[in-house]
Amino acid sequence: MDIFLIRLLQFMLAIGLLVLLHEGGHFFFAKLFGIRVEKFYLFFDPSIWKWDGSLFKFKPKNSDTQYGVGWLPLGGYCKIAGMIDESFDTEQMKQPEQPWEFRSKPAWQRLLVMIGGVLVNFLLALFIYSMILFYWGDTYIPVKDMTLGMKFNTEAKQYGFQDGDILVGTDKGEFKDFSADMYRDLSEATRADIIRDGKTMSISLPGDINLLGMLKAEPSFVRPLIPAVVDSVMEGTPAAQMGLQKGDKLVAINGKPVDSYNEFTDQLGVLEDMMTGAKTQADSLKIRTVSIAYEREGLVKDTTDASKAVIAMICDTTAVTLTPELKLGFMVKTVAGLYEPITKEYGFFESFPAGIAYGINVLKGYVGDMKYVFTADGAKSIGGFGAIGSLFPPVWDWYLFWKMTAFLSIILAFMNILPIPALDGGHVLFLIYEMITRRKPSETFMIRAEYFGFGLLILLMVFANLNDILRWLGYM
């Protein structure tokens, strides 16, 4: 529950900040051009019976704007006079045009009002990234410094990769760190440069590997190779009961040899999958009862004879019942523990060009990945509030919070500029049409387009959150 609340608070704080500043962008340009803003709300406030839907509201003296917080946390809005928007206030549009209304202003001014929110979100993301680099610097482990190499799945091995290969780069350039950018480069590359057994060599790639498939594969296309060596054991856990100690090397599970912690966790994943198909308590107990062989001071040498190794090393106990989550209660060294990260620091003024470059790279990657949304696997990957909230860390970490907030700001900017009615991009599209043809779309058309776009957004929201529910129930 604590983890849920921490993630919820981070999610609400980030979304609240982004929505306020997004709507503030519209508000700024509207006020700049003398356009009346009637309402400025965080969250929506649909009325319920005799209640107007406001949790909080106030209107400063001599102000035309009512500020407030609505009860429906699905964004926010800035109600601009003389504009067909999500408020669907068609009565106002029937009145004579007023000089302080949106519709009475030149097209270029209306265009700036509409892109104001997107502009603020994009600039905010670049600013946050810049401040992250200024305050924390850029800490990462270069891929080429991961001297234990990588662990590859079956698909990757079909291209010629081998476990232990050290990735260096592709024909697109040298890898920086182990990240989504590395995966993107591998998916688009025609050549991968590696170090194998101390020798530099290259592997030919097709140039069109499915990125989503690489990321979703179990096991994934490539992972840093983690040695199966116990680093610590927690008291009172199955690992402690079976006698595991720091320095023990895992060599087999259920008689199946493992050459790394990656492979060990893969076997646990197989057992987890089997758990979902268990029909009786006896089946479940059988799956959760496993034997583990490990090497200590050279006592286990033949990994194929795992049963004897277990008998010899686990104090005459050949099996141990795991928790339902199949967690044993020991830790191995992580990538950060195996390798020394490097940190590149930035001065205040240096951080801005670096932050801008970083933000633009994030945007390019996100836009490039959008093509996968229109595939069957991509549609299943779409997530709603639950998926977004789960991206935040389970503990409060300001570095990760601001990094995720910047990323969400870029997503919000990009999604809002899409040419979909009811979004800012839809209004921009109609304004560009007006500027080219010198005539406005009819109010009837604009109202119908707004209803269509709003309905489409509701369907997308329902679909995304339904995916979250199905994932939570284990159907996806």
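The values are calculated or read from the model by the stated rules, or taken from the named source; none is laboratory data. What you see is a predicted model, and the numbers here were worked out from it, not measured in a lab. All Cβ positions, glycine included, derive from the backbone under ideal geometry; neighbour counts span all protein chains shown. Ligands, DNA and RNA are stripped out before the accessible areas are found, and what is left, the full protein with its side chains, is counted by its heavy atoms. Shrake-Rupley method; radii C 1.70, N 1.55, O 1.52, S 1.80 Å.
Of everything listed in (1) at pLDDT below 85; (2) under 27 Å from G368 (Cα atoms), the single unmet condition for V462 is (1). Of the helices (runs of 4 or more DSSP H) lying entirely inside the range 332-411, those containing at least 3 residues that are more than 13 Å from the chain's Cα centre (by Cα) and β-branched (V, I, T) span 348-369.
Residues that are open to solvent by 50 Å² or more (accessible area, probe 1.4 Å) and within 30 Å of Y358 (Cβ to Cβ) do not occur anywhere in the range 79-87.
Residues checked against (1) more than 18 Å from M12 (Cα to Cα); (2) touching a helix residue (DSSP H, G or I) at 6+ places or on another chain (Cβ under 6 Å):
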residue	(1), (2)
I382	yes, yes
S390	no, no
F407	no, no
I417	yes, yes
F445	yes, no
F454	yes, no
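Residues that are in contact with a Gly (Cβ under 9 Å, 6 or more places away or on another chain) and open to solvent by 80 Å² or more (accessible area, probe 1.4 Å) were ranked within the range 339-359; the one that is farthest from M131 (Cα to Cα) is K344. Report whether or not G116 is surrounded by 20 or more Cβ atoms within 10 Å (Cβ to Cβ) and out of contact with any strand residue (DSSP E or B) (no Cβ under 8 Å at 6 or more places or on another chain). So G116 passes the test. Screening the candidates E218, E235 for the property of being surrounded by fewer than 19 Cβ atoms within 10 Å (Cβ to Cβ), part of a loop (DSSP other than H, G, I, E, B) and more than 25 Å from the chain's Cα centre (by Cα) yields one hit, E235. Run D208 past the list (1) in a helix (DSSP H, G or I); (2) open to solvent by 40 Å² or more (accessible area, probe 1.4 Å); (3) not small (G, A, S) and report the number of the one that doesn't hold. Only one criterion is unmet by D208, namely (1).
Among the residues of the range 207-215, is there at least one that is of a type in the set (G, A, S) and under 26 Å from G337 (Cβ atoms)? No, the range 207-215 contains no residue that is of a type in the set (G, A, S) and under 26 Å from G337 (Cβ atoms). For the condition open to solvent by less than 50 Å² (accessible area, probe 1.4 Å), under 20 Å from the mean Cα position of the chain (by Cα) and of a type in the set (A, V, I, L, M, F, W, C), A228 does not qualify. Restricting I410, I436 to those that are surrounded by 16 or more Cβ atoms within 10 Å (Cβ to Cβ) and of a type in the set (V, I, T) reduces the list to I410. Taking the listed residues V310, V300, the one that is at pLDDT below 75, more than 37 Å from the chain's Cα centre (by Cα), surrounded by 15 or more Cβ atoms within 10 Å (Cβ to Cβ) and not in a loop (DSSP other than H, G, I, E, B) is V310, with no other qualifying. The set of residues in the range 445-476 that are β-branched (V, I, T), open to solvent by less than 80 Å² (accessible area, probe 1.4 Å) and free of Cβ contacts under 8 Å to residues at least 60 places away in the same chain contains only I458. Being open to solvent by less than 60 Å² (accessible area, probe 1.4 Å), over 30 Å from E443 (Cα atoms), of a type in the set (S, T, Y) and not in a loop (DSSP other than H, G, I, E, B) is true of Y129.
Checking each residue in the range 432-442 for being under 19 Å from V113 (Cα atoms) and in a helix (DSSP H, G or I) picks out I432, Y433, E434, M435, I436. When S187 is tested against (1) out of contact with any strand residue (DSSP E or B) (no Cβ under 9 Å at 6 or more places or on another chain); (2) farther than 30 Å from R223 by Cα; (3) buried (at least 18 other Cβ atoms within 10 Å of the Cβ), just one condition goes unmet, and that condition is (2).
Scan the range 132-156 for residues that are over 22 Å from D259 (Cβ atoms), among the charged types (D, E, K, R) and in a strand (DSSP E or B) and the total you get is 1. Please identify the pairs in which a residue from the range 44-69 that is touching a residue at least 24 places away in the same chain (Cβ under 8 Å) and surrounded by 10 or more Cβ atoms within 10 Å (Cβ to Cβ) has its Cβ atom under 6 Å from the Cβ atom of a residue that is among the polar types (S, T, N, Q) and not in a loop (DSSP other than H, G, I, E, B), counting only partners at least 6 apart or on another chain. That search, which allows pairs on different chains as well, returns D45/S54; G68/S54.
The residues on offer are M114, M83, and the sole one that is in a helix (DSSP H, G or I) and touching a helix residue (DSSP H, G or I) at 6+ places or on another chain (Cβ under 7 Å) is M114.
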